Amino acid sequence: MSFSHCYCYFAIKGDFNPKEITYKLQIKPSKYWSIGDLRANGSRYGFAFWETGYTLMQHPDIEIHCINVVRELIGKECVLNKIKGSYDLTFTVQIVPSIYNGVSPVIIFGKEFLTFCAQTDTDIDIDMYVFPFNDPEADSQTERTTDHKEGDVQNFKEI
């Protein structure tokens, strides 16, 4: 993949039962694991993880990604805050743009997205990968970047 793109998702990380999060939010996660679950490399996870809203797009406007990620959570801020009050956890919107040949994203956050993040104490984390113009190594780097979502997929459970 040698074109600029971005993936985003909403994540809950900490000490909790992912099945309870799924039940309380009535949203099926795109992936999750519990503390102690086995990783692909044989080690065990030291924290629980629950993810929803994963999007991968070539669109340069990050605001569109962000609102798509939290769209199914808007209106559930009270539930999220109750969950946060019951467990030791963090909420994060993870944004990962990969930039090729100088085609950079537009990084703007709209009021609806920022209001959601403020009301739920959600962190915004941007991990940006910028590749040199016409870098022959870029394709192999991108595969690792975009494979982040797939890295441990064989260990994820269906609820």
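The values are calculated or read from the model by the stated rules, or taken from the named source; none is laboratory data. Since we're looking at a predicted model, the values are computed, not measured. We place every Cβ from the backbone using ideal geometry, glycine too, and count neighbours over all the protein chains shown.
May I ask you to list pairs of residues, at least six apart or on different chains, whose Cβ atoms are under 9 Å apart, with the first in region 80-91 being in contact (Cβ under 8 Å) with a residue 24 or more places away in the chain and the second being crowded, with 18+ Cβ neighbours inside 10 Å and of a type in the set (Gly, Ala, Ser)?
Hits for this filter: TYR87/ALA48; LEU89/ALA48; THR90/ALA11; PHE91/ALA11.
Here are PHE91, PHE133, PHE116, PHE109: which of them is under 18 Å from PRO18 (Cβ atoms) and of a type in the set (Phe, Trp, Tyr)?
Step by step, each of PHE91, PHE133, PHE116, PHE109 is checked, and only PHE91 is under 18 Å from PRO18 (Cβ atoms) and of a type in the set (Phe, Trp, Tyr).
Where residues in region 97-145 are within 15 Å of the chain's Cα centre (by Cα) and assigned to a loop (DSSP other than H, G, I, E, B), which of them is modelled with the highest pLDDT?
By that ranking, first place goes to ASP127.
So the check is Cβ under 8 Å with 6+ separation or different chains; which pairs have a first residue in region 31-43 that's touching a residue at least 24 places away in the same chain (Cβ under 8 Å) and a second one that's exposed (fewer than 10 other Cβ atoms within 10 Å of the Cβ)?
From residues that are touching a residue at least 24 places away in the same chain (Cβ under 8 Å), the pairs are ALA40/GLN154.
Just to be sure I understand, how many residues within region 90-127 are touching a Lys or Arg at 6+ places or on another chain (Cβ under 8 Å) and either surrounded by 19 or more Cβ atoms within 10 Å (Cβ to Cβ) or closer than 14 Å to VAL70 by Cβ (or both)? Spell out the reasoning first.
Kept after step one, since they are touching a Lys or Arg at 6+ places or on another chain (Cβ under 8 Å), are these residues of region 90-127: 90-92, 120-121.
Okay, now just the ones that are also either surrounded by 19 or more Cβ atoms within 10 Å (Cβ to Cβ) or closer than 14 Å to VAL70 by Cβ (or both), so 91-92, 120-121.
Total satisfying the criteria: 4.
Which ones in region 19-74 are closer than 14 Å to CYS8 by Cα, among the hydrophobic types (A, V, I, L, M, F, W, C) and out of contact with any helix residue (DSSP H, G or I) (no Cβ under 9 Å at 6 or more places or on another chain)?
Scanning region 19-74 gives ILE62, ILE64.
Looking at region 1-38, which of its residues are among the charged types (D, E, K, R), over 25 Å from TYR129 (Cα atoms) and out of contact with any Ser or Thr (no Cβ under 7 Å at 6 or more places or on another chain)?
Correct list: ASP15, LYS19, GLU20, LYS24, ASP37.
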